[in-house]
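The values are calculated or read from the model by the stated rules, or taken from the named source; none is laboratory data. Quantities reported herein were computed from a predicted structural model and do not represent experimental measurements. FYI the Cβ positions are ideal-geometry reconstructions off the backbone, even for glycines, and counts take in every protein chain you see.
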Amino acid sequence: MLDIVISGGLAVLPTGAAHVDIGIEGEKIAAIGAPGSLAAIGAGRTIDAQGQIVIPGGVDPHVHCRWPMPVPGQSQPNLTDGPDRVSQAALHGGTTTILDFALVDADNNVQQAIERRQREWAGDCYCDYGFHVMVQGKLDPSIPDQLREAVAAGHATVKMFTTDITPSRRGRMVQFGDIWEVLKALAQAGGVAAIHAEDNDIVMHMYEKLTREGRTGFENMAEVHNTLSEDLSFNRVIRLAANIEGSSLYMLHTSAATGVRAIAAARAQGTPIYGETLHQYLMYNSEDYKKPNGQIYHTYPSLKFAEDQAALWDGTDYGAIQTVATDEICCPLRYKLQGRRIDDTTGGNAGVEPRVSLIYTETVEKRGRSLENFVGLISTNAAKILGLYPRKGALAVGSDADIVLLDPRRRHTVRAADMHEADYSPWEGRDLAVWPSMTILRGKVMVEGGRLAGAASDGKFLARKVADDIRARPAV
């Protein structure tokens, strides 16, 4: 007897969308068959999914929980909300896996940074999770070897900055020679480099220029973190990786048409490079900074322009952009609004809960995209690129039973008061074409009918290993 059978829904399988029954035994998908075919086996519970879309649980590849948030005029940062809150919001919205960052700072080597982050998260996350290792500043010569060990232990991706982002955040940028050494180490160890790419010279020049001109309001942010910066930095990193055999890249929060073109050109040459964008970039542009409380739309790099949005949408159509992440920063509105200048505005957004339904609405309903394209952007592609597939990101026998039922009969208006993360939402008032009626994590019903049934101890750490084909060519 099966534990659960999900019957009658339109399931988005690796082979395409089909009406099937899905059987769950323990934490895994145990059977997939034609409608009604699993009834003879029997089940402890049968879930009627008629009229609903059944998808693998969402994978958000870029969140920041319990993360330091600089405060203008204050030496000690605030901390954003932790995985306990963010993971609840994720599950309510149909995301079952989140990837955060283990920061290597002056007080920790790589292993110590990972252990610290694991202590912070253990027993405090409702959904499954993993960590990108994050290195910054001038790297000790021992770091590449430490990263090889981290990759072997299941931390398959390493984040680096090519900029300090703001004048007050000196010490984030990794020097190009050090990036070179890390890329070589990752190529040998089987890891992927996750790059926040902006040209530091251009960015810092524009901070100085706009400050001289008295144009320091955050509404000018797109002039500082500009499209030329993305063009220069993306192409510089790509050329470096292309000269290192086995090197592969995951370009974080691609925001401009120049970045899209750089990724597309590299992929055409066979470089294993993948693009991530954020739902902010797809749905807002620099004009939105001029709205009341326009800081709520901002993250780093900045919002760009309408033509950049168009290029990003084109890139998500089986092109240069494979994943849509959130860059989640869950904090009260008063923290999000604490800066008003180009050099102190808070990045990140509270957006993990509406992400899945937002992208369904924008891709399937508004643009007529396939269900497979939608599921790729919010789940499958991230699982493949970042070393979780087919355990995550697939409705397949043997995969984790991370399953979401999206109900097109439940149109949903985004209201911060109804959400489970911050006290504001950049998507306030948006009409969504679907909303999850149920979220299942490894065979356990975690959210049903809007009610959380799980516990903070339900989330498991995920060791990751990137498949060879992902690192050999543009395989997604």
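Quick rundown of the values:
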| read-out | value |
| --- | --- |
| Hits in the stretch 455-476 (condition: closer than 11 Å to L386 by Cα, among the basic types (K, R) and more than 17 Å from the chain's Cα centre (by Cα)) | K465, R471 |
| Checking L303 against (1) free of Cβ contacts under 8 Å to residues at least 60 places away in the same chain; (2) assigned to a loop (DSSP other than H, G, I, E, B); (3) of a type in the set (A, V, I, L, M, F, W, C), the condition it does not meet | (1) |
| Members of the stretch 360-387 that are out of contact with any Ser or Thr (no Cβ under 9 Å at 6 or more places or on another chain) and buried (at least 24 other Cβ atoms within 10 Å of the Cβ) | Y360, V375, T380, K384 |
| Tally of residues being polar (S, T, N, Q) and within 24 Å of D128 (Cβ to Cβ) across the stretch 21-52 | 1 |
| Flag if E120 is out of contact with any strand residue (DSSP E or B) (no Cβ under 6 Å at 6 or more places or on another chain) and either more than 19 Å from H64 (Cα to Cα) or part of a loop (DSSP other than H, G, I, E, B) (or both) | no |
| Number of positions in the stretch 1-54 that are free of Cβ contacts under 8 Å to residues at least 60 places away in the same chain and either surrounded by fewer than 18 Cβ atoms within 10 Å (Cβ to Cβ) or assigned to a strand (DSSP E or B) (or both) | 26 |
| So L386, is it over 19 Å from T439 (Cβ atoms) and of a type in the set (A, V, I, L, M, F, W, C) | yes |
| Filter pass, E287 being acidic (D, E) and surrounded by fewer than 22 Cβ atoms within 10 Å (Cβ to Cβ) | yes |
| Selected residue (only one of L139, L91 is in a helix (DSSP H, G or I) and either in the same structural domain as N200 (by TED's automatic domain parsing) or polar (S, T, N, Q) (or both)) | L91 |
| Odd one out for N235, checked against (1) surrounded by fewer than 18 Cβ atoms within 10 Å (Cβ to Cβ); (2) assigned to a helix (DSSP H, G or I) | (1) |
| V71 vs. criteria touching a helix residue (DSSP H, G or I) at 6+ places or on another chain (Cβ under 7 Å), in the same structural domain as A325 (by TED's automatic domain parsing) and more than 21 Å from Q322 (Cβ to Cβ) | no |
